[in-house]
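The structure appears below as structure tokens.
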């Protein structure tokens with residue numbers, strides 16, 4: 001049997017696994033038009049609409065971009081680029097290089113890697129990797145024509161743990177796994193994955209991410225999301241690899257309050273809440289400059305300060321990243337013109 005026919009049969013097997021695992025609540029289908037990136041689309045049954053006409057479909061040659069030009073769905077759908085490997089035994093090593101210049105991550109775009117055991121004549125391993133995480137995790141390589149590629153390389157032997165182990169999905173749970181992702185409107189929750197490794201939180205990595213998130217949100221005037229979770233709030237977000245940061249706050253006529261939370265693999269692990277006074281516009285720019293310059297120190301329970309002309313920022317705190325509290329103030333000509341108290345720490349380990 002030709003390889004192309006074998007791969008088609010394997011894709012059909014995956015479609016059956018998704019339907020069976022979700023108790024027929026999901027439908028998986030292959031796009032009829034050539035999107036050049038999406039091999040499989042998954043959405044809730046009863047909400048499937050046929051693809052639009054070729055004239056309406058704007059085909060992109062960029063991987064990951066094409067699926068966003070499909071018809072507007074009434075509910076969330078997940079799109080997958082499927083990569084199939086066929087081989088014998090459990091010691092087989094698989095490798096796939098994807099051209100970096102044509103790889104564009106998107107929120108609901110995933111890469112699916114499938115290993116089919118030709119001896120057992122069955123799917124042995126399934127990896128599902130969000131495109132954003134893949135761009136951060138894959139090794140950068142050079143192709144024969146000197147172009148940059150993103151390399152997926154792992155072993156079929158699940159006993160040998162590596163950075164891709166947590167993306168392994170039990171084929172019997174595949175449908176239910178995707179159904180939960182669609183219904184909750186979150187990224188795939190690998191923390192619930194039975195194959196996933198339990199990892200101790202890297203405090204240095206966490207602090208570095210929080211500092212970077214703060215630098216790229218409030219400190220630089222980032223705009224609030226269009227649909228914040230809490231009515232009347234401002235919501236700032238930042239994501240990098242496995243980490244996701246949210247800063248949600250409310251501004252009243254006299255006071256301001258809010259909280260920052262960090263998720264790791266969709267699991268909340270760290271939070272900080274704060275309460276302070278409303279700050280005047282001419283002082284606000286100095287506050288943001290101070291937070292930007294002291295992002296590695298301030299609001300972590302350390303003592304730090306920054307001065308510029310007649311203004312002075314001061315943060316007096318105690319504790320560590322695991323549990324801390326403090327108070328920040330701004331003085332203008334030695335007069336207290338702004339103050340904010342905060343506390344926070346790890347909520348998961």
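Looking at this structure, is residue 153 in the same structural domain as residue 178 (by TED's automatic domain parsing), assigned to a loop (DSSP other than H, G, I, E, B) and either out of contact with any strand residue (DSSP E or B) (no Cβ under 6 Å at 6 or more places or on another chain) or surrounded by fewer than 18 Cβ atoms within 10 Å (Cβ to Cβ) (or both)? When the stated conditions are applied, residue 153 does not pass them. Here residue 264 meets the list (1) surrounded by fewer than 20 Cβ atoms within 10 Å (Cβ to Cβ); (2) in contact (Cβ under 8 Å) with a residue 60 or more places away in the chain almost entirely, failing just condition (1). Only one of 103, 29 is in contact with a helix residue (DSSP H, G or I) (Cβ under 9 Å, 6 or more places away or on another chain), modelled with pLDDT of 85 or more and surrounded by fewer than 17 Cβ atoms within 10 Å (Cβ to Cβ). Can you tell me which? Within the list 103, 29, the selection yields 29. Any residue that is touching a strand residue (DSSP E or B) at 6+ places or on another chain (Cβ under 8 Å), more than 24 Å from residue 182 (Cα to Cα), part of a helix (DSSP H, G or I) and at pLDDT 75 or above - is there at least one of those in the stretch 15-23? No, the stretch 15-23 has no match at all.
Among the candidates 257, 225, 220, 251, the residue that is within 24 Å of residue 348 (Cα to Cα), in contact (Cβ under 8 Å) with a residue 12 or more places away in the chain and surrounded by fewer than 16 Cβ atoms within 10 Å (Cβ to Cβ) is uniquely 257.
Kindly provide the set of residues from the stretch 321-339 that are in contact (Cβ under 8 Å) with a residue 60 or more places away in the chain and touching a helix residue (DSSP H, G or I) at 6+ places or on another chain (Cβ under 9 Å), ordered by number. Give the derivation first.
Quick first cut of the stretch 321-339, residues in contact (Cβ under 8 Å) with a residue 60 or more places away in the chain only: 321-322, 338-339.
321, 322, 338 - these are the residues of the stretch 321-339 that are in contact (Cβ under 8 Å) with a residue 60 or more places away in the chain and touching a helix residue (DSSP H, G or I) at 6+ places or on another chain (Cβ under 9 Å).
Selection of strands (runs of 3 or more DSSP E) fully inside the stretch 229-316 by the criterion of at least 2 residues being under 30 Å from residue 137 (Cα atoms) returns 234-240, 243-251, 255-264, 267-277.
The values are calculated or read from the model by the stated rules, or taken from the named source; none is laboratory data. What you are looking at is a predicted structure, and each value in this text was computed from that prediction instead of being measured. A quick note on method: Cβ atoms are made from the backbone with ideal geometry, for glycine too, and the neighbour counts reach across all protein chains shown.
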